[in-house]
Amino acid sequence: MIETSGEEYSVENAPNLTPEIAIANLQSSDLSLRYYAAWWLGKFRISQPEAIDALIAALEDEADRTELGGYPLRRNAARALGKLGNLKAGPGLIKCLECADFYVREAAAQSLAMLRDRTALPALIKLLDGGVANAVQVPGFPHLAQPYTAVLEALGAMGATETISLVQPFLQHSVPRLQCSAARAMYQLTQDSTYGELLVKTLATGDLKMRRVVLGDLGAIGYLGAAEAIAFAQVENSFKLIALKGLLEYQLPKQSDTFGISEQAIRVMNLMDSLL
């Protein structure tokens, strides 16, 4: 029997909520209401202090547990806290990196990346213990021993240059998605275009699902050298536009002290126009 990470809660026939009701529902005896409330608070960016506190408390929930030992409410609470951007959640999310549930660890790493909480670095680095040799699939489950993709991307997002020697070996891992996460992180940590070009190569050679993932990677790191490759990739235009938007957002802050818009930014905007 395989346990997988739950998709976002379906909003069909879901109850209408207000922030106050959602926060109250996190204390409900009805586990489905609690699960949905955690998702809702993150989805609609309800960042009032009571919501943050309730979600942090949900990170230690014991009631909502699957037959295989997973913690669905903790997963949703961890995801929501990343979206809400409050560093108060940092200690709770760091503690979640030790949870027995792979998907709680994954959600916590992703949210810590969103928070850019560098106090989490020792705990994130610990998840890389054993390096590539230990990054093997867990028997009976569809995932590796640790959420390596989320961890590598967190290290890259935090600019943790001290972890370069730990990240680089994952470029040689047998799982293409993990190779891409390593390339993404290495580009962020070094600004070496070699790693951006590794992603561009995968964009040209990977299957459709992988191409979509790589577009997200390129947009996240703002690798301008990929602009044309993104625009002409064999992927739906919606994915290409999101990636190009990421490149543009990365370029514009650099122009805060200059007049007008750079040629690079204009180039990206023209590519976006061609896809509309």
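Kindly check whether there is at least one residue in region 230-239 that is within 19 Å of residue 184 (Cα to Cα), open to solvent by 20 Å² or more (accessible area, probe 1.4 Å) and of a type outside the set (Lys, Arg). Yes: region 230-239 contains one or more residues that are within 19 Å of residue 184 (Cα to Cα), open to solvent by 20 Å² or more (accessible area, probe 1.4 Å) and of a type outside the set (Lys, Arg).
Take residue 165 and decide whether it is loosely packed, with under 15 Cβ neighbours inside 10 Å and closer than 26 Å to residue 126 by Cα. The answer is yes for residue 165. Could you please let me know if residue 274 is farther than 26 Å from residue 152 by Cβ and among the polar types (S, T, N, Q)? Yes: the conditions hold for residue 274. Of the helices (runs of 4 or more DSSP H) contained entirely in region 25-103, those carrying at least 1 residues that are open to solvent by 40 Å² or more (accessible area, probe 1.4 Å) and over 27 Å from residue 158 (Cβ atoms) fall at 31-43, 49-58. Residues that are of a type in the set (Asp, Glu) and in a helix (DSSP H, G or I) were ranked within region 203-229; the one that is least open to solvent (accessible area, probe 1.4 Å) is 217.
Entry remark, region 133-192: residues being of a type in the set (S, T, N, Q), at negative phi and not in a helix (DSSP H, G or I) number 3 in total.
The values are calculated or read from the model by the stated rules, or taken from the named source; none is laboratory data. In this text, all values refer to a predicted model and were calculated from it rather than measured experimentally. Using ideal geometry, Cβ is built from the backbone for each residue, glycine included, and neighbour counts are taken over all protein chains shown. Surface areas here come from the heavy atoms of the whole protein model, side chains and all, with no ligands, DNA or RNA. Shrake-Rupley method; radii C 1.70, N 1.55, O 1.52, S 1.80 Å.
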